[in-house]
Each structure stands twice: as structure tokens, then as C-alpha cells.
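Step one of this worksheet: look at the structure below.
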Amino acid sequence: MGFLFRLFSRRSQCPLCFCAAEAAFGRVECANPVCRNFSREFHDRLAANHKTARSPRTERFRAPDPVSIRYRNYLGEGKIFTASRASLYAKNNHIMAVIEPYGGSVSLCRDRITNLGSLGPVPQRGER
Ligand SMILES: [Zn+2]
């Protein structure tokens, strides 16, 4: 099963926590240890890939000037993301942010961010 999953899976984002994940057959394997979709196998493989990757992004991403974003996902579960303040920008009804620990960009629905007011001014981008 693991082999077949790997064969057909594609890299995506976990719908629960927005961490790096792989999806196939309607199943999601997530690299986030605290997530319900967590897969130890995928986590270890991702870590191994990171070590051999040429990009300097082999370390865990540490957000400079970090800001905490409190978020309620579609299951009503509360999440807290740590994002780089400089990475925040608004696009339509979403806030884009580069988050720890993977340094990936996520798109967060404004209506689900419960501490929007404490994020300060978020520059607008992408509307033309
Ligand atoms: Zn997840």
C-alpha cells in the first residue's frame, strides 16, 4: 500500500493544517506530527529529501519577525501558525503567509482568522 500510495501520490497541502502533505486515493499523508493526517513515513521521507536537496532550505524555516496567526479550519479546529510578518499580504478575501516550519506559503481565509486585528496592517497585492 505504501508503495502504491507513493506511486500515485502528489505533493499538496494538508487540508487540516496546511503543512506539506501528499495525497492519493482520497487519502492525505501529512508531515505535521500533531496533525490527524500525520504519516511517519512521509515525514521521514520529506526530511530525507530536505537533507539532499540543493536548495539552502534544508533547515527548518524560522520566520524573521514572527507573527502568530490564529486560524479556525473548516472542521472548526483551532490552529496557530507562526508566519513571517514581512511575508503577509492580502489577496481578495485571503491572507497569504509564509509559515514555519517548512517555509511554504499558505492562503488563509480572512473570515477564519480569529486574531486578524492583531496582525496589523496587511498590504494588498494581486488585485488589478
Ligand atoms: Zn496536516
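The values are calculated or read from the model by the stated rules, or taken from the named source; none is laboratory data. Not measured: the values here are computed from a predicted model. Here the Cβ positions follow ideal geometry from the backbone for every residue, glycine too, while neighbour counts run over all protein chains shown.
So, of the residues in the range 108-128 that are assigned to a strand (DSSP E or B) and either at pLDDT 90 or above or touching a Leu at 6+ places or on another chain (Cβ under 7 Å) (or both), which turns out to be nearest to residue 47 (Cα to Cα)?
Here is the first cut: in the range 108-128, the ones assigned to a strand (DSSP E or B) are 108-109, 113, 124.
Cutting the leftovers down to either at pLDDT 90 or above or touching a Leu at 6+ places or on another chain (Cβ under 7 Å) (or both) gives us 108-109, 113.
Details: 108: 25, 109: 29, 113: 29 Å.
Checking each candidate, the answer is 108.
Does residue 67 fit the bill of being assigned to a strand (DSSP E or B), among the β-branched types (Val, Ile, Thr), touching a strand residue (DSSP E or B) at 6+ places or on another chain (Cβ under 6 Å) and under 15 Å from residue 16 (Cα atoms)? I'd like the intermediate steps shown before the answer.
Details: assigned to a strand (DSSP E or B): yes; among the β-branched types (Val, Ile, Thr): yes; touching a strand residue (DSSP E or B) at 6+ places or on another chain (Cβ under 6 Å): yes; under 15 Å from residue 16 (Cα atoms): no.
So residue 67 does not fit the description; no.
Quick check, is residue 63 surrounded by fewer than 15 Cβ atoms within 10 Å (Cβ to Cβ) and modelled with pLDDT under 90? Quick ask: steps written out before the conclusion?
Values: surrounded by fewer than 15 Cβ atoms within 10 Å (Cβ to Cβ): no; modelled with pLDDT under 90: yes.
No: the conditions fail for residue 63.
Of the conditions (1) in contact with a strand residue (DSSP E or B) (Cβ under 9 Å, 6 or more places away or on another chain); (2) loosely packed, with under 14 Cβ neighbours inside 10 Å; (3) charged (D, E, K, R), residue 44 clears all except one; give me its number.
Among (1) in contact with a strand residue (DSSP E or B) (Cβ under 9 Å, 6 or more places away or on another chain); (2) loosely packed, with under 14 Cβ neighbours inside 10 Å; (3) charged (D, E, K, R), residue 44 violates only (1).
The rows are residues; the columns are (1) surrounded by 18 or more Cβ atoms within 10 Å (Cβ to Cβ); (2) closer than 23 Å to residue 34 by Cβ; (3) assigned by TED's automatic domain parsing to the domain that holds residue 44.
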| residue | (1), (2), (3) |
| --- | --- |
| 73 | no, yes, no |
| 78 | no, yes, no |
| 83 | yes, yes, no |
| 86 | no, no, no |
| 91 | no, no, no |
| 95 | yes, yes, no |
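Taking the range 1-20, which residues are within 13 Å of residue 73 (Cα to Cα) and touching a helix residue (DSSP H, G or I) at 6+ places or on another chain (Cβ under 8 Å)?
Passing the criteria: none in range.
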